[in-house]
1. What pairs come out if I take residues in region 272-301 that are in the same structural domain as residue 112 (by the TED database) and pair them with residues that are not polar (S, T, N, Q) whose C-beta lies under 7 Å away, six or more apart or interchain?
2. Between a first residue in region 199-210 that is surrounded by 15 or more Cβ atoms within 10 Å (Cβ to Cβ) and a second residue that is aromatic (Phe, Trp, Tyr), which pairs have beta carbons less than 9 Å apart while being 6 or more apart in sequence or on different chains?
3. Could you list, in sequence order, all residues of region 216-225 that are part of a loop (DSSP other than H, G, I, E, B) and at pLDDT below 95?
4. For region 285-324, give me each residue that is surrounded by fewer than 21 Cβ atoms within 10 Å (Cβ to Cβ) and aromatic (Phe, Trp, Tyr).
5. Taking region 239-261, which residues are out of contact with any helix residue (DSSP H, G or I) (no Cβ under 9 Å at 6 or more places or on another chain) and surrounded by 14 or more Cβ atoms within 10 Å (Cβ to Cβ)?
6. Got at least one residue in region 124-142 being in the same structural domain as residue 180 (by the TED database), modelled with pLDDT under 95, surrounded by fewer than 23 Cβ atoms within 10 Å (Cβ to Cβ) and acidic (Asp, Glu)?
7. For region 79-98, check the following and say yes or no: at least one residue is assigned by the TED database to the domain that holds residue 34 and over 19 Å from the mean Cα position of the chain (by Cα).
8. Would you pick out the residues in region 11-57 that are assigned to a helix (DSSP H, G or I), at pLDDT 80 or above and among the β-branched types (Val, Ile, Thr)?
Amino acid sequence: MFIRYILTLLVFVVALFANTLVYAKDIIKYDLSESEVKKYENLNHKENRLIAYKDDKNALLLKLNQLAHINASRKKHHQPMVELDILASRVANKIAREAATNNFMGHYNLKGESPYYRYALAGGTAHVTENASALSSTEFLPSKPEHIASYMQQAHNAFMAERAPNDGHKLNCIHPHHNYIGIGFYLHKNQFRYYEEFLDRYLKFDDFNATVKVNSKVLLPVQPQKGKHLHMALAYYEKFPAQMNADAINRQMSYNDYSDELAHKILPWDLPVINDQGFIPLAFTFQKKGLYYIQIYLDDEPFITGPASTKNKVQASGVVIEVK
């Protein structure tokens, strides 16, 4: 049994006038340890992907305060804390900048790329689910750090204020499987955009080819983290994305986590054995041009017998293979 997840209503748009905005006096400032700041400064320095969207020290400090704010929400709902992911934060910065400067709001960019495809193109391999928010004003928005912090906290608070059944953002914020998050923002004149990229990062990947030709064999070597066990792998096909304009993006208020076309499956009883390097080499062959989104599911216990199901399993892969 395959459980299909559709991410609906994961766009929250705020339209406020300048004279009604709540500013820095409402910011919650969290204590950040010197060791935590240093840790993320080092990670930010070492990450060499998407350098054009690298955070400076001030932006990083704002995000660490926002990370603490998000973790306060998770703690309130008895969920484990998440860590900041530098690459996912740059992916979030990139879409936030494009959205603010082109006056659109949504989960797709102007190339028509979905959240998981944007993250995969940057080199990400974890499973990602995205929250997005927009703030607009009739006048230029104040841009001091305390204002940015206020905008981000207001956006996250709005997510957490949702009520069922329209509580997609909130459920994403407090999902028990999330262990990392990318945070991105951009302010352009009277437009502010904010993105949360929640990650389920439980797999280590050995080298693999993300771009192949039709009918070429793809080997995806994976290694679950300690305490997790490979359950199954599914590959979903979709066409290469098409260009979208701002109006089309604004109308697209949700996105599916994967398509309707299941192209390949490796069920529990078909999983290969671990190789000498400690990886499980998942083999795929794709027969037509397009994108193949690899969903890898993990369980807390090794599979012994019974039906295969994705229910309550950890979605641990955001790999996208381009077949040309």
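The values are calculated or read from the model by the stated rules, or taken from the named source; none is laboratory data. Quantities reported herein were computed from a predicted structural model and do not represent experimental measurements. Backbone-built Cβ (ideal geometry, glycine too); neighbour counts: all protein chains shown.
1. none
2. 199/119; 199/180; 200/180; 201/180; 205/279; 206/279
3. Initially, region 216-225 is screened for residues part of a loop (DSSP other than H, G, I, E, B), giving 216, 225.
Matches in region 216-225: 216 only.
4. 303
5. 240, 244, 248, 250, 252, 253, 256, 259
6. yes
7. Taking region 79-98 first, the residues assigned by the TED database to the domain that holds residue 34 are 79-98.
This time we only want the ones that are over 19 Å from the mean Cα position of the chain (by Cα), so: none.
No, that holds for no residue.
8. Listed by number, the residues that qualify are 37, 51.
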